[in-house]
Amino acid sequence: MKKWTRDETLVALYLYYIIPFQKVSKDNPIIQEYAEILGRTPSSLGMKIGNLGRLDPTLKVKNISGLSNGSKMDVVVWNEFSGDWEQLNKEFEGVISQYQSNDENSNIEIESPEIPKGRERFARISVRVNQGFFRSSVLAAYNNQCCITGLKQPELLVASHIKPWKEDKDNRLNPRNGLCLNALHDKAFDRGLLGIDENFKIIFSPLLAKTEGFDDLFKPYENRMIRLPERLNPSLEFLKFHRENIFQS
């Protein structure tokens, strides 16, 4: 059996974070697409992603286990990028660019006014990468569901930074610095009209309580606990920063 390289394992780790764990299977179109790029089968890539799940302490706490088998390379790559989201994103883009370059070289002699199939595929991949690791990983952690209302429409969901981008560039891609919110509650959170307390319960600013429509759109969720993600719970430290520096009490 062909051993997994560091680059291949890195791609699997990236996918581990941007695909909801429940949706990791050989039938997942994203896994199928990347498997083709790596020259692996969808089953093999899906299994590798599952193997990485066994190393995730946030899953162990919730009694969710990944696949039992794995390799030393899994551990090496997991430890190398643990918490280093910027580097993971950077190196992933580099690996995909290298595969893209190899694919282009293999098609260089093809003279056709149409884009070769491989290049078209990589063009789609580039767009997906550029959409941002942060949004993808936050939405995947929450299983594409608003943590306040349960809304599941991706077009209406936002990966909200708890600690603003400009305040903490070291954690701008950290999924634990994110909440999956619908567009309305995202705006309220961003403006400090909505907060999350130390028990993950929803609180509202007195300023918002005076607004027309509050009773219908916000009041029903007051003091309710947010839906916690499957993995990578929001950081209590970041939520405290938000309450102390952004929330309008």
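The values are calculated or read from the model by the stated rules, or taken from the named source; none is laboratory data. This one's a predicted model, so the numbers in the text were calculated from it and none came from an experiment. Virtual Cβ from ideal backbone geometry, glycine too; neighbours counted across all protein chains shown. Each accessible area value is taken on the protein alone, full model and side chains, heavy atoms only, with ligands, DNA and RNA left out. Shrake-Rupley method; radii C 1.70, N 1.55, O 1.52, S 1.80 Å.
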Please enumerate the residues belonging to the range 132-162 that are among the hydroxyl-bearing types (Ser, Thr, Tyr) and more than 24 Å from residue 56 (Cβ to Cβ). 149
Selection within the range 177-207 - out of contact with any Gly (no Cβ under 9 Å at 6 or more places or on another chain), in a helix (DSSP H, G or I) and touching a residue at least 12 places away in the same chain (Cβ under 8 Å): 177, 183, 184, 185, 186, 188, 190, 206
Across the range 209-249, the tally of residues that are part of a helix (DSSP H, G or I), open to solvent by less than 40 Å² (accessible area, probe 1.4 Å) and touching a strand residue (DSSP E or B) at 6+ places or on another chain (Cβ under 7 Å) stands at 2
Looking at (1) under 18 Å from the mean Cα position of the chain (by Cα); (2) open to solvent by less than 40 Å² (accessible area, probe 1.4 Å); (3) modelled with pLDDT of 95 or more; (4) of a type outside the set (Lys, Arg), which one does residue 164 not meet, given that it meets all the others? (3)
Give me the pairs: first residue in the range 91-103 and closer than 15 Å to residue 14 by Cα, second residue open to solvent by 30 Å² or more (accessible area, probe 1.4 Å) and assigned to a helix (DSSP H, G or I), beta-carbon distance under 6 Å, and six or more apart or on different chains, which are they? 95/7
Whichever residue in the range 137-161 is touching a residue at least 40 places away in the same chain (Cβ under 8 Å), open to solvent by 30 Å² or more (accessible area, probe 1.4 Å) and under 15 Å from the mean Cα position of the chain (by Cα) and, among such residues, is farthest from residue 14 (Cα to Cα): 145
Tally, over the range 18-43, of residues that are under 25 Å from residue 159 (Cβ atoms), in contact with a Pro (Cβ under 7 Å, 6 or more places away or on another chain) and open to solvent by less than 40 Å² (accessible area, probe 1.4 Å): 1
